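First comes the structure, then the notes that go with it.
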Amino acid sequence: MANSLYPVVLYLEDGTLYKGLSFFKILPSFGEVVFNTGMTGYQEIISDPSYSGQMVVFTYPEIGNTGLNNQDNESNFIHIKALIARNISSVSSSWRSQFSLKDYIIQKQIPHIFGIDTRSLTKHLRLFGVKSGTLFDAKNKLSVNSLNLQLVSNIDLVRKVTSRTIYSINSDIRKNFDKFNFIDFQLGDINFVSKKYKILLVDLGLKFNIVRKLLFLGCSVCIVPATCSYQFILQYDPDGIVLSNGPGNPYLVNYCVDTVKKLIKFSSIPIFGICMGHQILNIAIGISTFKLKFGHRGLNHPSGLNKYAEITSQNHGFAVNKLGFVNQDLLALFSVQYLNLNDFTISSTFHKKLPVFSVQYHPEASPGPHDSEYLFEVFIKLIDFIRDK
């Protein structure tokens, strides 16, 4: 089977068809077709909960060259609905490689298609926006009317991927966890040593690397489901709260928005929002979000303001609405720190009076550049400031 190829079809909701190949006979799968412009990081992308419900087009012509290993997964599960590529290398070359992408796809039975013109597909998505799509065996006689092409943005994906239990990880024992081991794990200021703080991490679809960063700074981390109540958070008495990344439409996560509203209004606990956490935090403040035409997914998005820019890793289909800052009352309390310099959407916001801030990009950047890694130190120093007041 490993050397066999099977004809498959990718069908988009607007009727566009792409014919390609797969390594095994696939069952029909449905998802939102999006593209990622990163040259590397396919292992992290496959296991990133933020891609739940999505079929990912890799714009780089060939993926799989560096293989995969047991350390770089961003969760314990495969979250993408399908992998779409121009070519998948059957040979991997890296000192860290333990198995090839081809073998991994076959072993895990990941729906996939390769041998298609991904440049054409990407241009189509940029021109007409992301599309729902179905991937199926070309020999499977499916009628177009039978294809289930419901919108992924109408599904609460956070509830699907969030943790089912509450669990804690202490920085003293992090080396005993293989999934938290990390190579070249350094933050900007090597002399920076944090106090041992309790961080409550709200799991909206978190990546392991967020946990790694907090553990490296000496924190103990308690991971809780997105449905966690305001009362439980107060009982835990955390020094700081992190709202993680996650998939889908933030407006469907109203249960978490309500909790964050209460935290902002009735507590003085520092809050740091990342990606989906950024959107949840801004909705809680009173600012709306909207769906982007084709999203931001890649490793080289410039974010900054006033002649300053950081290169950031991004993965999201929704963004905070700039029109919300026309409201003078909100503008008096909340400031826009950075913009995405490709399309000038909002990249980060900071509260002027409360210890609350958030970023649309990924400071944990796995994969990606480390320009914004310092934000974890900023968060810890913000906790220092609040505790010392």
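The values are calculated or read from the model by the stated rules, or taken from the named source; none is laboratory data. On a predicted model such as this, the values are computed, not experimentally measured, just so you know. A quick note on method: Cβ atoms are made from the backbone with ideal geometry, for glycine too, and the neighbour counts reach across all protein chains shown.
A compact table of results
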quantity: Positions within segment 62-101 being surrounded by fewer than 16 Cβ atoms within 10 Å (Cβ to Cβ), within 24 Å of I26 (Cβ to Cβ) and under 19 Å from the mean Cα position of the chain (by Cα), in sequence order; calculated: N76, F77
quantity: All positions within segment 350-372 that are at pLDDT 95 or above and either in contact with a helix residue (DSSP H, G or I) (Cβ under 9 Å, 6 or more places away or on another chain) or farther than 24 Å from N315 by Cα (or both); calculated: P355, V356, F357, S358, V359, Q360, Y361, H362, P363, E364
quantity: Segment 8-44, residues that are under 21 Å from the mean Cα position of the chain (by Cα), outside any strand (DSSP E or B) and at pLDDT below 95; calculated: G38, M39, T40, G41
quantity: Residue list for segment 39-58, restricted to those being in contact with a Ser or Thr (Cβ under 8 Å, 6 or more places away or on another chain) and surrounded by fewer than 22 Cβ atoms within 10 Å (Cβ to Cβ); calculated: T40, S47
quantity: Among residues of segment 233-255, those that are over 24 Å from the mean Cα position of the chain (by Cα), in contact (Cβ under 8 Å) with a residue 24 or more places away in the chain and in a helix (DSSP H, G or I), counted; calculated: 2
quantity: Which numbered condition K265 misses (of (1) surrounded by 16 or more Cβ atoms within 10 Å (Cβ to Cβ); (2) free of Cβ contacts under 8 Å to residues at least 40 places away in the same chain); calculated: (1)
quantity: Residues of segment 256-276 classified as part of a loop (DSSP other than H, G, I, E, B) and under 17 Å from K381 (Cβ atoms), total; calculated: 3
quantity: Count of segment 229-247 residues which are closer than 30 Å to E32 by Cα and at pLDDT below 95; calculated: 0
quantity: Scope segment 301-315; condition touching a strand residue (DSSP E or B) at 6+ places or on another chain (Cβ under 8 Å) and either at pLDDT below 95 or assigned by TED's automatic domain parsing to the domain that holds T37 (or both); matching residues; calculated: L305
quantity: Contacts under 8 angstrom Cβ, first residue in segment 40-53 being among the acidic types (D, E), partner not in a loop (DSSP other than H, G, I, E, B), 6 or more apart; calculated: D48/N315
quantity: Verdict on S75 being over 16 Å from Q109 (Cα atoms), in a helix (DSSP H, G or I) and not assigned by TED's automatic domain parsing to the domain that holds F294; calculated: no
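Table: residues versus (1) out of contact with any helix residue (DSSP H, G or I) (no Cβ under 9 Å at 6 or more places or on another chain); (2) among the charged types (D, E, K, R).
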{"site": "E62", "(1), (2)": "yes, yes"}
{"site": "F77", "(1), (2)": "no, no"}
{"site": "I88", "(1), (2)": "no, no"}
{"site": "F99", "(1), (2)": "no, no"}
{"site": "Q107", "(1), (2)": "yes, no"}
